[in-house]
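The values are calculated or read from the model by the stated rules, or taken from the named source; none is laboratory data. These numbers come from a predicted model, not from an experiment. Cβ coordinates were reconstructed from backbone atoms using ideal geometry, including for glycine residues, and neighbour counts include every protein chain displayed. These area figures cover heavy atoms from the full protein model, side chains too; ligands, DNA and RNA do not enter into them. Shrake-Rupley method; radii C 1.70, N 1.55, O 1.52, S 1.80 Å.
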Amino acid sequence: MEERPALKVERMRAEEVRKRLRALGLLDSRYRPRVEGGYVLFPIVEGRDTARICRELGCEPTRAFFERRFTKPRTLREALKDTVPRNLHQFIPSSFDLIGSVAVIEIPPGLRHYERVIGEALMEVYPRVETVLAKEGGTHGAYRIRGLRVIAGTGRTETIYREHGCIYYLDMMKTFFNPRMSGERIRVASQVKPGEYVVDMFAGVGPFAVLIARRQPSARVLAVEINPDAYRFLVRNIQENGVSGRVEAMGGDVRQVLRDVEDRFDRAIMDLPFSAINYLDLALKATKERAMIHLYHVEEGEDASEKAVEKAIRESERHGFKVEVKAVREVMEVAPKRFIIALDLVKSG
Ligand code: SAH
């Protein structure tokens with residue numbers, strides 16, 4: 001038995017109140033309602049409007065002991081089956097991101113009203129999750145920080161994330177991080193050959209740079225990051241993963257950092273999809289002949305890949321360089337018909 005916020009109502013009105021609570025997303029389905037004398041006690045989710053709703057329902061908010069339901073739900077949908085009305089079940093998201101103790105989910109407009117119970121349900125299905133964040137708007141500004149709002153849990157957004165055997169400290173509210181890029185990171189890191197000198201131009205908290213250094217101990221990486229918070233985590237992650245001697249972190253604008261650099265790197269990673277192409281000249285200047293450039297670029301439409309290739313070639317030529325396109329991949333859809341395209345370009349003149 002656990003002591004939980006509760007609502008006490010006469011038995012006669014119990015069914016009506018249960019329906020209302022459910023419709024309002026206030027019923028806490030993790031616990032079993034309980035009958036006590038002529039009353040029913042409902043376990044409820046506490047929120048800013050709980051007191052007002054109780055008054056409206058003519059019930060008494062209180063605390064009571066409840067038995068936890070025996071079976072733990074395995075999916076979000078299962079966890080919400082009693083708290084979200086059936087006609088809305090179709091909108092319950094089937095995907096979300098789990099980044100250590102933080103979950104990030106997109107709440108469809110039809111379920112805004114239920115975001116609190118959705119958050120609680122996620123924490124129930126994934127006991128490691130201590131904060132649930134809802135996406136709000138896109139990613140903003142040069143630091144690419146995502147609009148996020150706490151909908152459940154402690155509100156702590158700093159966390160530890162593990163990927164490909166590396167460990168990353170990060171804060172979802174202060175730094176950019178996308179676990180869906182994990183496949184790209186291993187794809188790129190696997191191509192790095194012994195002795196390479198790599199520049200990670202938009203390093204974030206370091207998931208490309210650290211992975212490369214871990215997998216290819218004789219490679220060296222220069223990791224550049226402009227957001228002071230992300231830079232702080234980058235420095236820490238380099239230490240935590242034991243790659244201090246091989247990854248050098250530089251804080252600041254990559255244009256400044258590489259200002260006087262020419263023909264130095266064997267490989268460049270350009271993971272700033274909305275504007276990396278504007279830095280292609282810098283990458284071409286800073287790399288050696290035959291170097292590989294991994295350019296991430298956002299493009300729209302059915303022919304997004306073709307457009308990305310054309311733009312990269314045109315942009316290179318405009319600055320007096322030639323590139324060969326070695327690979328083109330659609331990495332993910334960031335909005336309807338809007339894709340992040342990964343281009344592997346070889347500097348060839
Ligand atoms: N590669 C990382 C981060 C990608 S997001 C990852 O996989 O997680 C892009 C990052 O580039 C952000 O952290 C942003 O702060 C940084 N950035 C943006 N403009 C920059 C610039 N001009 N110079 C250096 N870093 C920049």
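Residues checked against (1) assigned to a loop (DSSP other than H, G, I, E, B); (2) within 16 Å of the ligand (Cβ to nearest atom):
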{"position": "Ile269", "(1), (2)": "no, yes"}
{"position": "Pro273", "(1), (2)": "yes, yes"}
{"position": "Leu280", "(1), (2)": "no, yes"}
{"position": "Glu306", "(1), (2)": "no, no"}
{"position": "Val309", "(1), (2)": "no, no"}
{"position": "Phe321", "(1), (2)": "yes, no"}
{"position": "Arg329", "(1), (2)": "no, yes"}
{"position": "Val346", "(1), (2)": "no, no"}
Inset, instruction - Scan the range 279-298 and give yes if some residue there is out of contact with any Leu (no Cβ under 8 Å at 6 or more places or on another chain), more than 27 Å from Glu196 (Cβ to Cβ) and among the charged types (D, E, K, R), otherwise no. - result: no
Inset, instruction - Go through the range 233-256 and count every residue that is modelled with pLDDT of 95 or more, open to solvent by 40 Å² or more (accessible area, probe 1.4 Å) and in contact with a Lys or Arg (Cβ under 9 Å, 6 or more places away or on another chain). - result: 4
Legend entry - Subset of the range 86-127 [buried (at least 20 other Cβ atoms within 10 Å of the Cβ), in contact with a Ser or Thr (Cβ under 8 Å, 6 or more places away or on another chain) and not in a loop (DSSP other than H, G, I, E, B)]: Ile99, Val102, Ala103, Tyr114, Val117, Ala121
Inset, instruction - Return the pairs, sorted by first residue and then second, in which the second residue is open to solvent by 40 Å² or more (accessible area, probe 1.4 Å) and of a type in the set (Asp, Glu), the first residue lies in the range 11-32 and is without any contact (Cβ under 8 Å) to a residue 40 or more places away in the chain, the beta carbons are less than 7 Å apart, and the residues are 6+ apart or on different chains. - result: Tyr31/Glu67; Arg32/Glu67
Legend entry - Unmet requirement for Arg259, which otherwise passes all of (1) more than 11 Å from the ligand (Cβ to nearest atom); (2) surrounded by fewer than 22 Cβ atoms within 10 Å (Cβ to Cβ); (3) free of Cβ contacts under 8 Å to residues at least 60 places away in the same chain; (4) in a helix (DSSP H, G or I): (4)
